[in-house]
Amino acid sequence: MIVDPELFESMRLELRRGSLVLAVLARLREERYGYTLRQALASDGLEMEESTLYPLLRRLESQGLLTSEWREEEKRRKRFYRLSPMGEAMLSALADEWRGISASLDKIL
Amino acid sequence: MDLIDRYLNAVAAQLPQDERADIIAELRDLILSRFEAREEELGRALTGDEQEAILHEIGHPLVVAARYRKGPDSLIGPELFPYWLFAVKAGLLLMLAVQAIVLFINLVGGPADAGQSISQAIHGFIGSGITLIGVVTVIGAAMEHVGYRPRWMDRWRVSELSAFGLSDPAAWGAAMGGTRTAKATWAPRSLGRARGWPGGEYLFSFLATGVFVLWWIGAIHFPGLIRLGPPGAEALVTGAPIWTTLFGAILLYAVAQMAVDLASLARPSAVRMRAAAQAVIAAAGLWLTWTIFGAGHWFTLTRDGETARIAGDWSLLDIDRLRALGDGTRDLAGMAGTLSLVMSWVLALSAIGLVFKIVGSLWRLVQPDPRRTA
């Protein structure tokens, strides 16, 4: 049976949507600015549009999960993000949840 | 002004003032980083088209700015959407039913042009339908904007779901006028098994009172109502001052009745609440009937410069006079006399009916709550 590519793409995006927050939090254990974070995620196989990533970073910061700081680097001011203590606790809890879901799905699949 | 400034200005215009500078500074860094990375790949400066292609990849300014919005992303969100859709469907069906009734009455009442009546009904439905959709959408968008979540979205009871049949035209037809076979065919299974949809009674009352209200405020007209008598010898009927005096009170009475019908449609199991409201409304109806009767003069008939009053008092509530109904003369005075007698008895019987309604409602009010005894 041939898989409908459009339907597959829509379901794939739906599947990935929730996991991207987890990936962003995990990658920000180490301080990064938006552009290098996107590159790091892409090298992990998690491509993300800028128009999605940057607003997500601001939202996570407003939720207290990230901290940010403007600093000059390579002759330009950049905004660096890092996981806050609350963000670390959240990442740990979400990672446990993710492993649980993954283990359950592995049993079924 | 270069491409980046133009692009960022377009984004900035959509952003809230307090965050604008911060977001734009970050976006500028992103764009410059993208340009530099591409220039490094190519080993040369980017052309205008290549720069524009990267800005295209980042996204349309409206879309990019919208991602930073803190409020809801849509006018009606996915949680509220089913309720919005129900309100629109049920409202449109209600509008259609009202227009159909008005059209029917206009056609039966002898309009000058049937085609014009049909055209007015279609225009009326389209106009009122668009208004309805607009009003429901504005209410839904306001609820989304302030994050208001009504209690009925979470705390609903199965016994109160009958009004949701309103969005199904088959349920309307089957419940209000269908035969047993039609009900079995078109109505939902639960409706087919029931002796009738309980909402049908309230719906009919709501529609009928709604048509009366529209006529009362002058929104619709029934040409046949202002002339009485055989063709060629018709008398013009004009209302007595009592109707002007009671205009607001009668309008309020009818609107209150519609509100109770609507509440009954939404919560048919709220028997005691409905009984209390109906007792109050019936008491108001009794007062209105008493005041109208007490005025003594209800209408005036005019024909060829001659006038006669449709008026009455207690003396007309006499069985012997009722037996003689129809024995009067055929002139204007005779017609007014007959109508005076009919009107007196109609008012008296209405008053008796309202007294029974008050007693019945009060009786239901003191009965144990059926939901608790069930």
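Coordinate-derived values only; no laboratory data. Keep in mind it's a predicted model, so treat the numbers as computed, not measured. Every residue, glycine as well, gets a Cβ built from its backbone with ideal geometry; the counts of neighbours run over all protein chains shown.
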Placing +1 on each Lys and Arg Cβ and -1 on each Asp and Glu Cβ in segment B:237-374, then taking the dipole about the Cα centre, the residue among B:Trp298, B:Thr244, B:Val366 whose Cα reaches farthest towards the positive end is B:Val366
If every Lys and Arg gets +1 and every Asp and Glu gets -1 at its Cβ, then about the Cα centre segment B:1-111 yields a dipole, in debye to the nearest 20, of 880 debye
Here the whole-number average of other chain Cβ atoms within 10 Å per Cβ of A:51-58 is 5
FRET efficiency for B:Asp18 and A:Ile108 from the Cβ-Cβ distance with R0 = 41 Å, rounded to 0.05, comes out at 0.30
Output field shielding_mean for B:50-63 (other chain Cβ, 10 Å radius) holds 1
Magnitude of the Cβ-charge dipole (Lys and Arg +1, Asp and Glu -1) of segment B:3-67 about the Cα centre, nearest 20 debye, reported as 180 debye
For A:Lys107, counting only aspartates and glutamates whose alpha-carbon sits under 20 Å away and dropping same-chain residues fewer than eight positions off, the answer is A:Asp96, A:Glu97
Checked chain A against the a/c 1.5 cut and the a/b vs b/c comparison, axes a ≥ b ≥ c from its Cα gyration tensor; verdict oblate
On the formula 1/(1 + (r/R0)^6), with r taken between the Cβ atoms of B:Thr137 and B:Val63 and R0 of 22 Å, the FRET efficiency rounded to 0.05 is 0.45
Residues whose built amide H sits under 5 Å from the amide H of B:Ala240, excluding neighbours closer than 5 in sequence, are B:Phe299, B:Thr300
Going from the fewest other Cβ atoms within 10 Å to the most, one would list B:Ile242, B:Ile126 as B:Ile126, B:Ile242
Under the rule rounded for a/c under 1.5, else prolate if a/b exceeds b/c, else oblate, using alpha carbon gyration tensor axes a ≥ b ≥ c, segment B:3-67 is classed as prolate
Mean per-residue count of partner chain Cβ within 10 Å for B:20-29 equals 4
Most exposed to least, judged by fewest other Cβ atoms within 10 Å, A:Phe8, B:Phe247, B:Phe212 sort to A:Phe8, B:Phe247, B:Phe212
Diffing segment B:44-57: the Karplus 3J(HN,Hα) column from phi (6.51, -1.76, 1.60, θ = phi - 60°), in whole Hz with x for Gly and Pro, holds 7, 6, 7, 7, x, 5, 5, 5, 5, 4, 5, 4, 4, 4
